[in-house]
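Reviewing the structure listed below.
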Amino acid sequence: MKRRKFIGTIGAVALLPLIARAQQSKKLYRIAILHPSHPVAELTEVSSFRYWREFFQELRRHGYVEGQNLTVERYSGEGRVESYPKLARDVSTRSLDLIFAITVWMVAPLKDSTRTTPIVAMTSDPVDLGLVSSMARPGGNITGVSVDAGLEIWGKRLQLFREVVPAISKLGILALRRNPEGAAMQATAEKAGISVVGSTFLDSGSEPEYRRVFALMSHEGADALFVDGSPEHITKRQLIGELAEKYRLPAIYPFRSFVEAGGSWPMASTFWRFFAKSPVRLIKSSRVRNPVVFHSNNLRNSNSSLTARLPPTLGYCFPSRCSLAPTK
């Protein structure tokens, strides 16, 4: 199946049509940001996450300034997976000009709850997920960006991982149960003759659950770790990094922010650039009756980054040459 690749810049880019109207009418526009796990305090211009800072700066660059012609309502599921549908439904009842929602778990209940409020979605493949009929003609009131690199990327990540940690025999996988990446990671490992140990899937995403899963992986002899791209993991990145070091697990992460929080190393695109620009442009062009196409960023052709920061206590180092093609 042919997959489309989209990236977070969509959030800022998606807002652009709305911005154009604001500049023309001087109307005060009201939008909502709906995130599954980041604290509300992080969904701001002074966030510790670079992509949120860039997102609001991009809005400002296009003429949307919070407190002047823009009001932003912020909502977080706080990582409580079971509460996502109700939160999304509650947000859909608000009087809003647009909703910027992260992940299918927020977007799907929004789609079921409102047919009129424009929704800018950041998800994996929206066609596969049943959110839109096609990328070019999404229909309805949803547009957005996909951050999907294709599940086959895990095979390349494992290839690179084994160049750095060649003795991998038992792999731990940290994945949200509803994220299809978990099954793809497991299939990739098994195809390479590597056993998968531990419980693999998380349900609630609570700190005790993370600690329990890591302890079980260690007890069963895991010697390396894969972490999927669920946003709940990004919120818990500090805890994940600490537990990986505690149990001496070299790990590969999907985003640079994990390493900045003390993790081993990521293999991923420079997420913040896409996050900041694409959603704003979409916001600027969104129309309820004539939604714009989903934005696509092909990760196979974009520069991915590998940050070499393996904790010295693990005793690993990078070889002088790594087989990174076609990623970088």
Residue selected from region 30-65 under the condition buried (at least 16 other Cβ atoms within 10 Å of the Cβ) and aliphatic (A, V, I, L, M), by the criterion farthest from Thr123 (Cα to Cα): Leu59
Some residue of region 66-82 being open to solvent by less than 30 Å² (accessible area, probe 1.4 Å), modelled with pLDDT of 95 or more and of a type in the set (Asp, Glu): yes
When residues of region 83-94 are limited to those that are hydroxyl-bearing (Ser, Thr, Tyr) and part of a helix (DSSP H, G or I), the one modelled with the highest pLDDT: Ser92
Flag for Ser83 being on the phi < 0 side of the Ramachandran plot and over 16 Å from the mean Cα position of the chain (by Cα): yes
Among (1) among the charged types (D, E, K, R); (2) more than 23 Å from Leu131 (Cβ to Cβ); (3) in contact with a helix residue (DSSP H, G or I) (Cβ under 7 Å, 6 or more places away or on another chain), the one test that Glu78 misses: (3)
Residue satisfying condition, being without any contact (Cβ under 8 Å) to a residue 60 or more places away in the chain and touching a Leu at 6+ places or on another chain (Cβ under 9 Å), within set Pro118, Pro138, Pro109: Pro109
Region 25-69, residues that are in a loop (DSSP other than H, G, I, E, B) and β-branched (Val, Ile, Thr): Thr44, Val46, Val65
Restricting region 118-137 to residues that are surrounded by fewer than 22 Cβ atoms within 10 Å (Cβ to Cβ) and either in contact with a strand residue (DSSP E or B) (Cβ under 8 Å, 6 or more places away or on another chain) or among the charged types (D, E, K, R) (or both), the residue that is nearest to Pro231 (Cα to Cα): Leu129
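The values are calculated or read from the model by the stated rules, or taken from the named source; none is laboratory data. Values in this document were obtained by computation on a predicted structure and should not be read as measured data. When we count neighbours, we look across all protein chains shown, and the Cβ atoms used for this are built from the backbone with ideal geometry, even at glycine. Heads up: the accessible areas ignore ligands, DNA and RNA and are worked out on the full protein's heavy atoms, side chains in. Shrake-Rupley method; radii C 1.70, N 1.55, O 1.52, S 1.80 Å.
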